[in-house]
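Participant: I have a structure here, written as structure tokens, and I will follow up with some questions on it.
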Amino acid sequence: MSSPVFGPVPSRRLGRSLGVNNVTGKTCTYNCVYCQAGRTEDLTIRRRRFYDPEWLIDQVLRRVDELEKQGEKIDYVTFVPNGEPSLDINVGREASAIKEAGLRVAIISNGSLLWMDDVRSDLGVFDLVSVKLDAVTPRLWRIINRPYLHLSIKEIINGMKAFSETFSGELLTETMLINNIDYAIEAKLLAETIASLRPSRVYIMVPVRPPAEQYVEPPSTKTVLSVYERFRERIGDKVYYLTDPEEGSFTALGSAEREVLSIISVHPLRLDQVVEILEKRGAGMDVVDKLVSKGLATIIEYMGRKYLVRRSR
Ligand code: SF4
């Protein structure tokens, strides 16, 4: 049997993260059009056992032990399968055992089962929980996430709210933006809903890897920026735009270039802010020209202001 433990991988949200794939096959409550793991084979809301929990815990702790011997530190053990991790009926027990070993545990969930009491209780064990909200109006939610038939976005949002009220760890949200969707009204509704969850960080993303459906592409940079601004107006500076959550360091670039690039990988920057950063480093606007000519960034105008924005790859 191959190990369900992988990595560690660098993650912009989680630092160095040791991944746990606690669900077998492509088993999910959603069948998102942009899913990088392909189409969902088993679309379900039935929680069940995928692995022997003792064996899975042992696999994680052995890997951590090996890494420690190599002098490698990890920030989180992260449950991030090719499907929905809360479908694993033992997820709370597994997370508790890993925590007891002195490690921090995170879970990247779509949050669609948080209306269930046992799922709220299991996810409550984690130090960090990330939930997904790509749309809040039922029609768009069904187009983008293609959920299990009997799920309801209203119930899911209520479950997320109930969870956020009692959860003592760090709550993150992620919103994937795709092409051919009119976000004009949706962005405001999303921002309202996300604000009500009081997350500590809010991530906007675009697809960067081959999606389940070939028609899916990243939206225009203008769309990303308009949603980003709507979110900022309502949620404030906890909003980040991630062009690639798993991207490592920009080692081939000079320091000023690297600094600007790492900032615009999470925040679009107004050109006057870029100038300020470059001046502090004794660098000039040629850094911006280089980033643009290398295809790493682009300048776009939005609401009468110029922004430097990371190009998705
Ligand atoms: S929720 Fe995650 S794993 Fe499930 S289909 Fe969507 S992107 Fe893929």
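The values are calculated or read from the model by the stated rules, or taken from the named source; none is laboratory data. Just so you know, these numbers come straight off a predicted model, no measurement behind them. FYI the Cβ positions are ideal-geometry reconstructions off the backbone, even for glycines, and counts take in every protein chain you see. Calculation scope for accessible area: heavy atoms of the full protein, side chains included, ligands and nucleic acids excluded. Shrake-Rupley method; radii C 1.70, N 1.55, O 1.52, S 1.80 Å.
Participant: Residues that are open to solvent by 20 Å² or more (accessible area, probe 1.4 Å) and within 12 Å of the ligand (Cβ to nearest atom): does region 10-30 have at least one?
Facilitator: yes
Participant: Only one of these is open to solvent by 10 Å² or more (accessible area, probe 1.4 Å) and either of a type in the set (A, V, I, L, M, F, W, C) or farther than 20 Å from Gly102 by Cα (or both): Glu72, Glu54, Glu68, Glu41. Name it.
Facilitator: On the way: Glu72 fails: either of a type in the set (A, V, I, L, M, F, W, C) or farther than 20 Å from Gly102 by Cα (or both); Glu54 fails: either of a type in the set (A, V, I, L, M, F, W, C) or farther than 20 Å from Gly102 by Cα (or both); Glu68 fails: either of a type in the set (A, V, I, L, M, F, W, C) or farther than 20 Å from Gly102 by Cα (or both).
Among Glu72, Glu54, Glu68, Glu41, only Glu41 is open to solvent by 10 Å² or more (accessible area, probe 1.4 Å) and either of a type in the set (A, V, I, L, M, F, W, C) or farther than 20 Å from Gly102 by Cα (or both).
Participant: Restricting to region 136-147, what's the tally of residues that are within 15 Å of the ligand (Cβ to nearest atom), more than 27 Å from Glu170 (Cβ to Cβ) and open to solvent by less than 60 Å² (accessible area, probe 1.4 Å)?
Facilitator: In the first step, residues of region 136-147 are kept if they are within 15 Å of the ligand (Cβ to nearest atom); the result is 140-147.
If we keep only those that are more than 27 Å from Glu170 (Cβ to Cβ) as well, we get 140, 142-143, 146.
Add one more test, that the residue is open to solvent by less than 60 Å² (accessible area, probe 1.4 Å), and what stays is 140.
The qualifying residues number 1.
Participant: Which pairs turn up if I take residues in region 277-306 that are in contact (Cβ under 8 Å) with a residue 24 or more places away in the chain and look for partners that are part of a loop (DSSP other than H, G, I, E, B) with beta carbon separation below 8 Å, at least 6 apart in sequence or on another chain?
Facilitator: Listed pairs, sorted by first residue: Val287/Gly254; Leu296/Arg311; Ala297/Arg311; Thr298/Arg311.
Participant: Considering region 87-97 alone, what residues qualify as being buried (at least 23 other Cβ atoms within 10 Å of the Cβ) and either within 14 Å of Leu61 (Cα to Cα) or more than 16 Å from the ligand (Cβ to nearest atom) (or both)? First the steps, then the outcome.
Facilitator: So in region 87-97, the residues buried (at least 23 other Cβ atoms within 10 Å of the Cβ) come out as 87-88, 91, 94-95.
Within region 87-97, Glu94, Ala95 qualify.
Participant: Among Gln59, Gln70, which is away from the ligand (no atom under 16 Å from the Cβ), in contact (Cβ under 8 Å) with a residue 40 or more places away in the chain and not hydroxyl-bearing (Ser, Thr, Tyr)?
Facilitator: Gln59
Participant: Quick check on my filter: what residues within region 121-135 are away from the ligand (no atom under 16 Å from the Cβ) and either of a type in the set (Val, Ile, Thr) or surrounded by fewer than 19 Cβ atoms within 10 Å (Cβ to Cβ) (or both)? Give the derivation first.
Facilitator: Taking region 121-135 as the starting set, the residues that turn out to be away from the ligand (no atom under 16 Å from the Cβ) are 121-122, 124-128.
The answer is Ser121, Gly124, Val125, Asp127.
Participant: Suppose we keep only residues that are over 11 Å from Ser109 (Cβ atoms) and not in a strand (DSSP E or B) within region 75-86. Which one would you say is least open to solvent (accessible area, probe 1.4 Å)?
Facilitator: Selected residue: Asp75.
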